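The values are calculated or read from the model by the stated rules, or taken from the named source; none is laboratory data. Note that the coordinates shown come from a computational prediction; the quantities given were computed from them, not determined experimentally. A quick note on method: Cβ atoms are made from the backbone with ideal geometry, for glycine too, and the neighbour counts reach across all protein chains shown.
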Amino acid sequence: MQNPYIPMPVEVVKIVTEVDSKDIKTFRLVFVNKEDEERFRYLPGQFAELSIFGKGECPIGIASSPTQQGYLEFTVQRAGALVAGIVTSALHDLDVGARIGVRGPLGNAWPLEYLEGKNVVVVGGGFAFTTLRSLIHYMIHEKNRPRFGDISVIYGARTPGLLCYKDELATWECREDVRMFVTVDKGDETWKGRTGFVPAVCREVAPGASGPTCSEFTPSAENAVAVICGPPVMIRYTLPVFFELGFSKENIITSLEMRMKCGIGKCGRCNVGEKYVCKDGPVFSVAELEKLTREY
């Protein structure tokens, strides 16, 4: 049995700066040892611990999809001046060719079997779009796409310069089998897309909506599941919208990514009531969360 405390060595083969502020980067990693790659079997929604030798480790959601074989991708935000962020800062200082450690996969995943046969609306905000990106890649893969119904994606950021994965967003917008809605809180002189807060856009275009921007192709909320991940304030104001649209608490799924710690339930710092977010989560339905204490 593999020691869960020992990270597997990986090499950085590609680094992409995602946003204009340059504080969010995506790192593509390949395993140094082939047996480690074969052992690392993950699903969208899971996370891993990234370790910088001599600095420490931190939990990061997996941004790539298991359908993208041969590498892992993690999108990492450098911590601000008021936050310690030793590991994320060290990650941002790496160059291609550097070696770090990966421990995982950890936590549970987005409920793929439950999503099968249903319409899926993916709602993301800012940097928290990472594991949702993994889910989208998984669902639209040619071998998986027939398993899911209509796919709607609503993704927002404060400004155009803070949108991640811009090339992929453009590619998804061109697909006929994905309803794509990208919005920003405030546009600039170059922005030609939608402007508005994510909750308002959900009210207009999500399954079950009946606003002026809807069409006969807008799917119903009856057989739909919402998968939501974003800043806490976005989630707070988005959840009531989906209740209004007729989504049950069982059909609204979110992730408590900010609670992740050691990943194996030993440090006790992620517990919410009787649950350990790093083992029992980070993915929960709203119905499951309502059974927990309000610590989260």
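Would you check which residues across the range 80-110 are among the aliphatic types (A, V, I, L, M) and touching an Asp or Glu at 6+ places or on another chain (Cβ under 9 Å) and list them? Reasoning before the result, please.
Keep residues of the range 80-110 that are among the aliphatic types (A, V, I, L, M), which gives 81-84, 86-87, 90-91, 94, 96, 98, 100, 102, 106, 109.
Selection gives 87, 96, 98, 100, 102, 106.
Among the residues that make up the range 196-207, is at least one of them among the β-branched types (Val, Ile, Thr) and touching a Pro at 6+ places or on another chain (Cβ under 8 Å)?
No, every residue in the range 196-207 fails to be among the β-branched types (Val, Ile, Thr) and touching a Pro at 6+ places or on another chain (Cβ under 8 Å).
What about residue 89, is it polar (S, T, N, Q) and at pLDDT below 95? Working first, answer last.
Values: polar (S, T, N, Q): yes; at pLDDT below 95: yes.
For residue 89, the condition - polar (S, T, N, Q) and at pLDDT below 95 - is met.
Here are some residues: 54, 45. Which one is outside any strand (DSSP E or B) and either farther than 25 Å from residue 169 by Cβ or of a type in the set (S, T, N, Q) (or both)?
Criteria check complete, one pass: 54.
Within the range 83-136, count every residue that is assigned to a loop (DSSP other than H, G, I, E, B) and either closer than 30 Å to residue 178 by Cα or touching a residue at least 12 places away in the same chain (Cβ under 8 Å) (or both).
Within the range 83-136, residues that are assigned to a loop (DSSP other than H, G, I, E, B) and either closer than 30 Å to residue 178 by Cα or touching a residue at least 12 places away in the same chain (Cβ under 8 Å) (or both) number 13.
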